[in-house]
Ligand SMILES: [Mn+2]
């Protein structure tokens with residue numbers, strides 16, 4: 001599929017909902033925002049609806065309340081929609097409850113994404129570019145290709161998407177095109193410093209307290225190449241925090257000297273959420289896959305059924321076996 005085919009699918013449909021994954025991030029929200037502003041400008045009847053609420057730090061994208069949580073009203077819009085535009089989702093079921101509405105009502109979907117295909121590849125149409133840093137970058141190229149003028153609002157969404165998915169233009173997925181987005185954003189007068197402050201200099205006090213508690217209990221394994229930490233509901237409650245308070249912790253600990261992989265284990269009582277980040281030496285997606293999850297080679301996740309202590313020993317064993325084998329193979 002090419003950009004002109006995306007355009008012709010959009011042109012043929014009038015009632016469109018945009019959706020993305022559970023626990024949305026800057027790319028899914030920013031690209032949804034840019035896409036919404038585009039669809040609205042060409043006269044489509046359109047809403048953004050996600051399984052999860054918008055995280056507080058992204059409220060600056062929601063001043064006109066365009067993001068909706070899945071409820072009665074948004075569900076009835078989806079049921080009558082003739083197209084679902086799905087952004088930044090590797091796996092169909094990461095749509096959360098939106099997935100079941102799409103399936104039950106057999107709604108036409110178009111996925112625009114930069115994740116590798118998963119086993120649950122249930123979209124009717126898809127445009128996937130695994131080399132793109134973010135869906136925001138794909139939308140930027142799409143608008144350029146179809147000669148669509150990018151408004152200031154569309155640019156804000158694209159910029160937020162590219163900024164967050166490249167770790168502020170630092171990760172290895174940062175390309176000249178990412179910086180071109182930044183050039184355009186600055187030339188259009190976007191207050192990029194304000195955007196940065198909104199997202200990254202807006203930490204709640206509970207988040208800082210939680211970070212302090214977690215730092216004191218960091219565990220190092222595999223000769224210091226693996227750092228891991230556990231979290232649970234009581235730790236969040238103790239600091240009067242929320243589930244958004246530990247966003248980015250795994251990325252943060254990867255920054256420790258000598259650490260190659262950072263791993264979070266979040267005890268959900270009967271289930272454990274795992275989040276992996278790698279500096280680039282080890283492909284953590286391989287471990288995530290073995291635990292029933294997936295993701296990018298250097299940023300992956302899994303949700304595992306089972307008791308915390310069992311899941312913990314399984315994943316730590318897998319990690320240490322993988323790391324030893326990798327180093328043996330690369331020695332010989
Ligand atoms: Mn993304």
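The values are calculated or read from the model by the stated rules, or taken from the named source; none is laboratory data. Small disclaimer: the values here were computed from a predicted structure and weren't measured. Note that each Cβ is placed from the backbone with ideal geometry, even for glycine, and that neighbours are counted across all protein chains shown.
Can you tell me which of 255, 294 is closer than 29 Å to residue 131 by Cβ and surrounded by fewer than 18 Cβ atoms within 10 Å (Cβ to Cβ)? Steps first, please.
Working: 294 fails: surrounded by fewer than 18 Cβ atoms within 10 Å (Cβ to Cβ).
Checking each option against the conditions leaves just 255.
Mind counting the residues in segment 124-156 that are part of a helix (DSSP H, G or I), touching a residue at least 24 places away in the same chain (Cβ under 8 Å) and more than 13 Å from the ligand (Cβ to nearest atom)?
Step one: of segment 124-156, the residues part of a helix (DSSP H, G or I) are 135-145, 152-156.
Right, trim to touching a residue at least 24 places away in the same chain (Cβ under 8 Å) and you get 135-143, 145, 152-156.
Still in the list and also more than 13 Å from the ligand (Cβ to nearest atom): 140-143, 145, 152-156.
Residues meeting the conditions: 10.
Test residue 102 against the stated conditions and say whether it is over 25 Å from residue 14 (Cα atoms) and assigned by TED's automatic domain parsing to the domain that holds residue 51.
Answer is no for this residue.
Enumerate the pairs (first residue in segment 19-37 and closer than 18 Å to residue 246 by Cβ; second residue anywhere and within 11 Å of the ligand (Cβ to nearest atom)) with beta-carbon separation below 6 Å, excluding pairs fewer than 6 apart on the same chain, so at least 6 apart or on different chains.
21/28; 21/89; 26/164
For segment 236-251, what are the residues that are surrounded by fewer than 17 Cβ atoms within 10 Å (Cβ to Cβ) and in contact with a strand residue (DSSP E or B) (Cβ under 8 Å, 6 or more places away or on another chain)?
251
Restricting attention to segment 11-57, which residues are farther than 21 Å from residue 93 by Cβ and within 14 Å of the ligand (Cβ to nearest atom)?
26, 30, 33, 34, 35
Only one of 88, 121, 97 is within 16 Å of the ligand (Cβ to nearest atom) and either surrounded by 16 or more Cβ atoms within 10 Å (Cβ to Cβ) or within 22 Å of the chain's Cα centre (by Cα) (or both); which?
Matching residue, one of 88, 121, 97: 88.
For segment 41-69, how many residues meet the condition of being touching a helix residue (DSSP H, G or I) at 6+ places or on another chain (Cβ under 9 Å) and assigned to a helix (DSSP H, G or I)?
6
For residue 311, state whether it is more than 21 Å from the chain's Cα centre (by Cα) and either within 20 Å of residue 248 (Cβ to Cβ) or surrounded by 20 or more Cβ atoms within 10 Å (Cβ to Cβ) (or both).
It is true that residue 311 is more than 21 Å from the chain's Cα centre (by Cα) and either within 20 Å of residue 248 (Cβ to Cβ) or surrounded by 20 or more Cβ atoms within 10 Å (Cβ to Cβ) (or both).
Check 195, 181, 214 and return the single one that is assigned to a helix (DSSP H, G or I) and touching a strand residue (DSSP E or B) at 6+ places or on another chain (Cβ under 9 Å).
Step by step, each of 195, 181, 214 is checked, and only 214 is assigned to a helix (DSSP H, G or I) and touching a strand residue (DSSP E or B) at 6+ places or on another chain (Cβ under 9 Å).
Considering only segment 158-168, I want to know if a residue exists there that is part of a loop (DSSP other than H, G, I, E, B), within 13 Å of the ligand (Cβ to nearest atom), touching a helix residue (DSSP H, G or I) at 6+ places or on another chain (Cβ under 9 Å) and within 24 Å of residue 66 (Cβ to Cβ).
Looking for residues that are part of a loop (DSSP other than H, G, I, E, B), within 13 Å of the ligand (Cβ to nearest atom), touching a helix residue (DSSP H, G or I) at 6+ places or on another chain (Cβ under 9 Å) and within 24 Å of residue 66 (Cβ to Cβ), one finds none in segment 158-168, hence no.
So which residues in segment 106-118 are crowded, with 16+ Cβ neighbours inside 10 Å and more than 16 Å from the ligand (Cβ to nearest atom)?
Within segment 106-118, 107, 108, 109, 110 qualify.
Is it the case that residue 189 is exposed (fewer than 12 other Cβ atoms within 10 Å of the Cβ), assigned by TED's automatic domain parsing to the domain that holds residue 133 and assigned to a loop (DSSP other than H, G, I, E, B)?
Yes; evaluated as a whole, the condition is true for this residue.
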